[in-house]
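See below for the structure under consideration.
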Amino acid sequence: MSAHPTGVFEPKVIAYVCNWCTYLGADLAGTSRLEYPANVRIVRLPCTGRIDFNLLIKGFEVGADAILVSGCHPGDCHYTSGNFHARRRWILFRQLLDTMGFDMNRIHFAWISAAEGKKFQHVLTDIVEQTRRMGPYAAYSKICEEVSC
Amino acid sequence: MSRIGVFVCWCGENIARTVDVVQVAEASLQFPGVKHAAHYKYMCSEPGQSLIRDKILADRLDGIVVASCSPHMHLKTFRGAAQAAGLNPYLVEIANIREHCSWVHQDKAKATAKAIDLVRMAVAKVRRNNALQAIKVPVTKRALIIGAGVAGIQAALDIADAGYEVVLVEREPSVGGKMAGLSETFPTMDCSQCILTPRMVDVGQHPRIKLYTCAEVESVDGYVGNFKATIRQKARFVDIKKCTGCGECWNACPQKKIASEFDYGMGNRRAIYIPFPQAVPARPAIDKQACLKLKKGVCGICAKKCAAGAINYADQDQLLEEPIGAIIVATGYQLYQISAQQPTAELSGYGEYGYGQYKDVIDALQFERLVSASGPTGGVIQRPSDGKEPKHVVFISCVGSRDNAKGISYCSKICCMYTAKHTMLYKHKVHDGQAHVFYMDIRSGGKNYDEFVRRAIEQDHARYYRGRVSKITEENGKLIVRGADTLAGTPVTIEADLVVLASAMRPATGSDDLARKLRIGYDQNGFLSESHPKLRPVETNSAGILICGACHAPKDIPESVAQASAAAGKVLVMFSHKEMQRDPEIAKINESTCSACFACVRTCPYQAAEKADVRDRAGNLVKRTARINQGLCMGCGTCVAVCPSKSADLEGFSDQQIYAMVESLL
């Protein structure tokens, strides 16, 4: 991810989103011209159920300062139940990451539907602002050394 | 793959205004594997597509990235262009630099940097795309239509007349919807029932239309061409096959004062009733909330009167399954509730208009029943409180519509027209009466529409005041309407006998639940979302599910009917093929590494992951493995995430592709 020319810290945020709700919510933010910080890179997946949580670690490995996982609201999944699997897996994985020493304030989970362009704008703006206050995620390399990955 | 073409679209100024497209194209030439990069004003246009085709052929490109709008918009278009040049359509990726970049960022440097990143990710992905072939599946040539108002009826008849079976599901005891209750229709003033009831009869008698009334869609499984719909046939307590519709039962029913839903409470019905005389099917239903036999176990007169033995008090809801190929949703609208009490927290009501408090303040659909020849007064205009003929009637438009303070920002589109119609219908029946209209703007776009409004003003002398009404109070049997005429710059007070509120249109109750069942989108107001507002106006983002009528947005009868025929046309296109092509972006299992733990079998929402045996040529069992049924897999990828041996992968979103995208950001 290219650094901002001014040298000011610009958080890098990677968003793993599902194709049917949050991706379309982001599209709606676009068609409604709802501005949000340009720090996010969206990775489109069919469903949050597809998200292998190693992708979160991979995100930090490439220098992300925060990560968002977002999909359809519970009950609204395009594939009936993928987001429930994602949620269940996340509950387990979260404890693991926590134990490993990951900063849980840098991992965000949201439900954003195709109708919620405004919510997408707000969630992204909040994440970027919060991450900006926290500064770069330098501690990640320390975790790497400890668990020697 | 190493001969990637990158094509950056300006989208006129939509992208080029905030993203330096030239810089994006130049930067992408540096990405590994990129052979060629170009930019053009409108990539989706024919010259744009031909540029892509020519470059694929000239440079023997083995993958392309189009940096343009959302893949939901034009991925199909560019896949088509690639295919035309002999490139497998699944070797195309989109970098969304419009909706996700140029439209949401102002800073050109930041937006350009982001666009470059998005292209880099797409290039990293497309290098790992596989050439895929569409999967062919058979099509069940039967359509399910949900809602039997004028839109559903039109779509059902179009499809059935073309020779295909239709399953039409209506929640009320009769087809006809809102239109069956209207008096006369603008701008021709033809009687609503005269044009609709013959179509209703056609639906009831059509050999290829299977009609379910008092029924709702319980669930829908499967996918385009091969849906399985479960329909809840609610207990009607009358066997409509035995019933002859003679009317002995409802004439004898002692429960006479039940407010009629069809008349919006302006008239009464019995506990066993047909909603209106022209109902299709012309068979009664029992209202279990009102029936003494069902509530208290007494009475039972209707069963005694029924010579056909059609009454069945023990009737139960039934769940019925129907195989379906395509679905049309035509669930229509309801009126915004004017009173202070609202169904959701986002909406608020108009306490100041006294609706629900003063009997002579009614809404537009109630007025329709009041002027309808088939209405509770037989078309004689009598005010609800004392039955007197009203001499001054005030019509207020935009009640709810275009009022952010009440939670509805949209225009309901039809109110200007039907308010003008109401003033004319009123004047034609009460010659010495005066109609007054308070309006915000008159929106009468449409064939012969503005002429119609002028007629109401010039020939029938309706008085129009441009302004809002602030309060309605009741004094000595009169409704005191206080408003403003902003053109004259004066306050206006009218002593009215009747007030009619043109309340906003909202999607029908439960349409959001239905949308969730069908997995189709709806907007913040609850109206169902089309796939593209201009190019795919009746399609949804779920293949094989279409929408028409007022469930999509407020619209009038001609538009609803046109849209219904459009949706039917789309279904017929689908049914004209023997087989359908399905997206091949589905899961696959590497059987040599599969450890047969069957985590995928347990998690697959479609039962597409199956247990299978691998055998040698002699038929001896080598190992067990999981296997994907290509006909059932929808491509969600849940199996990929749960597979502990990394044997499951998803075409189009493989681990390699996704990880490469993320790694490209390093």
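The values are calculated or read from the model by the stated rules, or taken from the named source; none is laboratory data. Being a predicted model, the structure only gives us computed values, none of them experimental. Note that each Cβ is placed from the backbone with ideal geometry, even for glycine, and that neighbours are counted across all protein chains shown.
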What helices (runs of 4 or more DSSP H) completely inside segment B:1-118 contain at least 3 residues that are at pLDDT 95 or above, of a type in the set (G, A, S) and surrounded by 19 or more Cβ atoms within 10 Å (Cβ to Cβ)? B:21-28
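Would you mind listing the strands (runs of 3 or more DSSP E) fully within segment B:570-666 where at least 3 residues are more than 9 Å from every other protein chain (Cβ to nearest Cβ)?
B:579-582, B:587-589, B:609-615, B:621-628
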Across (1) facing another protein chain (nearest Cβ under 7 Å); (2) of a type outside the set (D, E); (3) touching a strand residue (DSSP E or B) at 6+ places or on another chain (Cβ under 9 Å), A:G75 clears everything bar (3)
Has segment B:597-609 got any residue that is within 30 Å of B:Y522 (Cα to Cα), modelled with pLDDT of 95 or more and β-branched (V, I, T)? no
Quick check, is A:Y36 assigned to a loop (DSSP other than H, G, I, E, B), of a type in the set (S, T, Y) and either over 17 Å from A:R87 (Cα atoms) or free of Cβ contacts under 8 Å to residues at least 60 places away in the same chain (or both)? yes
Can you tell me how many residues within segment B:445-461 are under 36 Å from the mean Cα position of the chain (by Cα) and either within 18 Å of B:I396 (Cα to Cα) or not in a loop (DSSP other than H, G, I, E, B) (or both)? 9
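Tell me, yes or no, whether segment B:294-301 has at least one residue that is within 30 Å of B:K234 (Cα to Cα), touching a Cys at 6+ places or on another chain (Cβ under 7 Å) and modelled with pLDDT of 95 or more.
yes
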For B:S2, state whether it is closer than 18 Å to B:M121 by Cα, within 14 Å of another protein chain (Cβ to nearest Cβ) and of a type in the set (S, T, Y). no
How do the pairs read when you match residues in segment A:52-75 that are surrounded by fewer than 24 Cβ atoms within 10 Å (Cβ to Cβ) with residues anywhere that are assigned to a loop (DSSP other than H, G, I, E, B) and hydrophobic (A, V, I, L, M, F, W, C), using Cβ under 6 Å and keeping only pairs 6 or more apart or on different chains? A:V62/B:L665; A:V62/B:L666
For segment A:36-46: of the residues being within 7 Å of chain B (Cβ to nearest Cβ) and out of contact with any strand residue (DSSP E or B) (no Cβ under 8 Å at 6 or more places or on another chain), which is surrounded by the most Cβ atoms within 10 Å (Cβ to Cβ)? A:A38
Quick check: is even one residue across segment B:523-531 touching a strand residue (DSSP E or B) at 6+ places or on another chain (Cβ under 9 Å), closer than 30 Å to B:S565 by Cβ and more than 11 Å from every other protein chain (Cβ to nearest Cβ)? yes
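Per-residue answers, yes or no, for (1) closer than 30 Å to B:L365 by Cβ; (2) at pLDDT below 95; (3) among the acidic types (D, E):
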site	(1), (2), (3)
B:A553	yes, no, no
B:D556	yes, no, yes
B:V561	yes, no, no
B:R582	no, yes, no
B:C594	no, no, no
B:Y659	no, no, no
I'm trying to understand the selection: among the residues of segment B:533-561, which are surrounded by 17 or more Cβ atoms within 10 Å (Cβ to Cβ) and assigned to a helix (DSSP H, G or I)? B:G549, B:A550, B:C551, B:I557, B:E559, B:S560, B:V561
Pick from segment B:156-175 the residues that are more than 18 Å from the chain's Cα centre (by Cα) and assigned to a loop (DSSP other than H, G, I, E, B): which of them is surrounded by the fewest Cβ atoms within 10 Å (Cβ to Cβ)? B:G163
Would you point out the residue of segment A:56-72, among those that are more than 7 Å from chain B (Cβ to nearest Cβ) and under 23 Å from B:E99 (Cβ atoms), that is modelled with the lowest pLDDT? A:C72
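Condition check ((1) of a type in the set (K, R); (2) more than 7 Å from chain A (Cβ to nearest Cβ); (3) in contact (Cβ under 8 Å) with a residue 12 or more places away in the chain) across all residues:
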position: B:Q83; (1), (2), (3): no, yes, no
position: B:L87; (1), (2), (3): no, yes, yes
position: B:L91; (1), (2), (3): no, yes, yes
position: B:R98; (1), (2), (3): yes, no, yes
position: B:S102; (1), (2), (3): no, yes, yes
position: B:H105; (1), (2), (3): no, no, yes
position: B:K110; (1), (2), (3): yes, no, no
position: B:A115; (1), (2), (3): no, yes, yes
position: B:R120; (1), (2), (3): yes, yes, yes
Of all residues making up segment B:237-290, the number that are among the charged types (D, E, K, R) and surrounded by fewer than 21 Cβ atoms within 10 Å (Cβ to Cβ): 9
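Considering each of B:I442, B:I520 in turn, give the residue that is part of a loop (DSSP other than H, G, I, E, B), touching a Cys at 6+ places or on another chain (Cβ under 7 Å) and β-branched (V, I, T).
Details: B:I520 fails: touching a Cys at 6+ places or on another chain (Cβ under 7 Å).
B:I442 is the lone residue from the list that is part of a loop (DSSP other than H, G, I, E, B), touching a Cys at 6+ places or on another chain (Cβ under 7 Å) and β-branched (V, I, T).
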Lone qualifier among B:D161, B:D190 - being of a type in the set (D, E, K, R) and within 30 Å of B:R443 (Cα to Cα): B:D190
Which residue is nearest to A:S141 (Cα to Cα), if the candidates are limited to segment A:78-114 and must be within 12 Å of another protein chain (Cβ to nearest Cβ), surrounded by 22 or more Cβ atoms within 10 Å (Cβ to Cβ) and in contact with a strand residue (DSSP E or B) (Cβ under 7 Å, 6 or more places away or on another chain)? A:A86
So for segment A:47-55 (the condition being within 9 Å of chain B (Cβ to nearest Cβ), farther than 18 Å from B:T603 by Cβ and not in a loop (DSSP other than H, G, I, E, B)), does at least one residue qualify? no
Do the conditions hold for B:Q133, that is, is it out of contact with any His (no Cβ under 6 Å at 6 or more places or on another chain), surrounded by fewer than 23 Cβ atoms within 10 Å (Cβ to Cβ), part of a loop (DSSP other than H, G, I, E, B) and within 14 Å of chain A (Cβ to nearest Cβ)? no
Residue pairs qualifying under the 6 Å Cβ cut-off, at least six apart or on distinct chains, with the first in segment B:208-228 being assigned to a strand (DSSP E or B) and the second being surrounded by fewer than 20 Cβ atoms within 10 Å (Cβ to Cβ) and among the small types (G, A, S), are B:K228/B:G222
Have a look at B:C600, B:C548 and point out the one that is over 29 Å from B:G637 (Cβ atoms) and in contact with a helix residue (DSSP H, G or I) (Cβ under 6 Å, 6 or more places away or on another chain). B:C548
